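Data block below; observations after.
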Amino acid sequence: MTNRRQFIATTALAFPFIARGAAPAAKIIETKVISQQPEYYHGWPTVVRRQNGELWVSWSGGRESHVCPFGQVHAMTSRDNGATWSFPRVLLDTATDDRDSGVLETAKGTLLVSTFTSLAYEDHLAKATAFAEHTDKGWTTKSMPPEQLAKWKSAQARLSDAERKAELGEWVIRSTDGGKSWSNRIPTIVNSPHGPIQLKDGRLLYAGKQLWAAERKIGVVESKDDGQTWQWLAEIPTRKGDKNAYHELHAVEAADGALIAQIRNHNVANKGETLQTESSDGGKTWSEPHAIGVWGLPSHLLRLRDGRLLMTYGHRRKPYGNQARISADNGKTWGEAMILSDDGIGGDLGYPSTVELPDGTLLTLWYETMQEPKLAVLRQATWRLE
């Protein structure tokens, strides 16, 4: 029986579009923490492999917690397929909270790093201030130590109310010299944690959500000039009965040319599941989102060299961790869940992204709050499909 299973698995790897009944499994080679600054909370990373083999990971660093005013965009690199990583560097630090970061290398060799600015911390600050001044009116909150509250207030005072609101936006920064220098922020209209992708026709496509516009639409924008400017392309329709509770999309171009976007869903129907929508005309129109039978979110999509699609996603209920699934039919169906990690202590984890290494090994990277150290770290798993 063992030999038969091995034969089926091998056949599925060699002929993925024929042996669709075979269910691949993940063999974990190594899992480790790669963070080097335990004094910071690390959140929402993305990893990419450049054409020269160098790995880049970007994330929101410099933080005190999941929500705070101190977020910066950090990055580090690896030239040995993730065995070791460079010391982190700061790519962007505005006077508000710089959050989730995606990273992409375009066909021209340009590095694009995406992020968005947020004032979500203001509610926490207001509650902590009211608690400290004994003027809270029923707010349930934890008090801040006086030193921490003073630090938050000082960060808040860097800008006026109007200036802080003017800072809100969805952005990319560009580097055309391998990451040595970076452009000013470029508005992208939408945002999503893992950022844009490049299509075979050369366009950059960004599936995401308008975070600060009144409509807060989800859809896709495109860039035809290597990420220097972005234009609205198409809205993604809302499923019948749903409200505007779609978030954190990511897209991939399948081997047959179809575009697939997956959506973090918080509507009543299929709450906590990943929804999917497809486009067969280059992103101009999209199907109504539908459930794919996957509890977990948000997802990252990758087309493997053999043409199969891989989705990796956080699993924020027991077993807390990260999972992966394979599609051998260009996203029409998805296989059984493969466990990449299941030792989490709670739901403050996930946002995995994956790259394929030259020998077919996969490297998945995510953020996670562990027992130790106190603040969230970056973890990675090196694994193979069997």
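Look at (1) part of a strand (DSSP E or B); (2) surrounded by fewer than 18 Cβ atoms within 10 Å (Cβ to Cβ) and you find that Leu91 fails only one, number (2).
Is it fair to say Gly219 is open to solvent by less than 60 Å² (accessible area, probe 1.4 Å), part of a loop (DSSP other than H, G, I, E, B) and touching a Lys or Arg at 6+ places or on another chain (Cβ under 9 Å)? Spelling it out, it is not the case that Gly219 is open to solvent by less than 60 Å² (accessible area, probe 1.4 Å), part of a loop (DSSP other than H, G, I, E, B) and touching a Lys or Arg at 6+ places or on another chain (Cβ under 9 Å). Contact annotation: residue pairs with Cβ atoms under 6 Å, 6 or more positions apart or on different chains, pairing a residue in the stretch 104-118 that is surrounded by fewer than 20 Cβ atoms within 10 Å (Cβ to Cβ) with a partner that is among the β-branched types (Val, Ile, Thr), are Thr110/Thr176. Within the stretch 269-286, restricting attention to residues that are open to solvent by 40 Å² or more (accessible area, probe 1.4 Å) and in contact (Cβ under 8 Å) with a residue 40 or more places away in the chain, the residue that is nearest to Glu386 (Cα to Cα) is Glu278.
Return yes or no: is Leu233 more than 21 Å from the chain's Cα centre (by Cα) and in a strand (DSSP E or B)? For Leu233, the condition - more than 21 Å from the chain's Cα centre (by Cα) and in a strand (DSSP E or B) - is met. Could we say that Lys153 is over 30 Å from Trp286 (Cα atoms), open to solvent by 40 Å² or more (accessible area, probe 1.4 Å) and basic (Lys, Arg) here? It is true that Lys153 is over 30 Å from Trp286 (Cα atoms), open to solvent by 40 Å² or more (accessible area, probe 1.4 Å) and basic (Lys, Arg).
Going by the structure shown, is Glu288 closer than 24 Å to Thr333 by Cα, in a strand (DSSP E or B) and more than 19 Å from the chain's Cα centre (by Cα)? Here the answer is no, as Glu288 does not meet what is asked. Against the numbered list (1) over 17 Å from the mean Cα position of the chain (by Cα); (2) open to solvent by less than 40 Å² (accessible area, probe 1.4 Å), Pro358 comes up short only at (2). Here is a check on your reading of the model: is Ser183 among the hydroxyl-bearing types (Ser, Thr, Tyr) and either under 17 Å from Asp97 (Cα atoms) or open to solvent by 50 Å² or more (accessible area, probe 1.4 Å) (or both)? The answer is no for Ser183. Restrict the check to the stretch 79-86 and report whether at least one residue is touching a helix residue (DSSP H, G or I) at 6+ places or on another chain (Cβ under 6 Å) and not in a strand (DSSP E or B). No - not one qualifying residue is present in the stretch 79-86. Taking the stretch 34-49 as the range and being open to solvent by 70 Å² or more (accessible area, probe 1.4 Å) and among the polar types (S, T, N, Q) as the test, only Gln36 passes.
Only residues that are polar (S, T, N, Q), modelled with pLDDT of 95 or more and more than 16 Å from the chain's Cα centre (by Cα) were counted in the stretch 242-275, giving 2.
Can you find a residue that is of a type in the set (Val, Ile, Thr), farther than 30 Å from Ala126 by Cα, outside any strand (DSSP E or B) and touching a Phe, Trp or Tyr at 6+ places or on another chain (Cβ under 8 Å) anywhere in the stretch 166-184? Checked against the condition, which is being of a type in the set (Val, Ile, Thr), farther than 30 Å from Ala126 by Cα, outside any strand (DSSP E or B) and touching a Phe, Trp or Tyr at 6+ places or on another chain (Cβ under 8 Å), the stretch 166-184 yields no hits at all. Taking the stated definitions as given, is Leu309 closer than 15 Å to Ser327 by Cα and without any contact (Cβ under 8 Å) to a residue 60 or more places away in the chain? Yes, satisfied. Applying a threshold of 6 Å to beta carbon distances and a minimum spacing of six or more residues, or different chains, the list of pairs starting in the stretch 323-342 at a residue that is at positive phi and ending at one that is of a type in the set (Lys, Arg) and at pLDDT below 95 is empty. Filtered by the rule that a residue be over 16 Å from Gly43 (Cα atoms) and surrounded by fewer than 20 Cβ atoms within 10 Å (Cβ to Cβ), the stretch 361-370 gives a lone residue, Thr361.
In the stretch 249-268, the residue that is least open to solvent (accessible area, probe 1.4 Å) out of those that are assigned to a loop (DSSP other than H, G, I, E, B) and within 12 Å of Leu199 (Cβ to Cβ) is Ala254.
The values are calculated or read from the model by the stated rules, or taken from the named source; none is laboratory data. The structure presented is a predicted model; accordingly, all values stated were derived computationally and were not measured. A quick note on method: Cβ atoms are made from the backbone with ideal geometry, for glycine too, and the neighbour counts reach across all protein chains shown. With ligands, DNA and RNA removed, areas are computed over all heavy atoms of the protein, side chains included. Shrake-Rupley method; radii C 1.70, N 1.55, O 1.52, S 1.80 Å.
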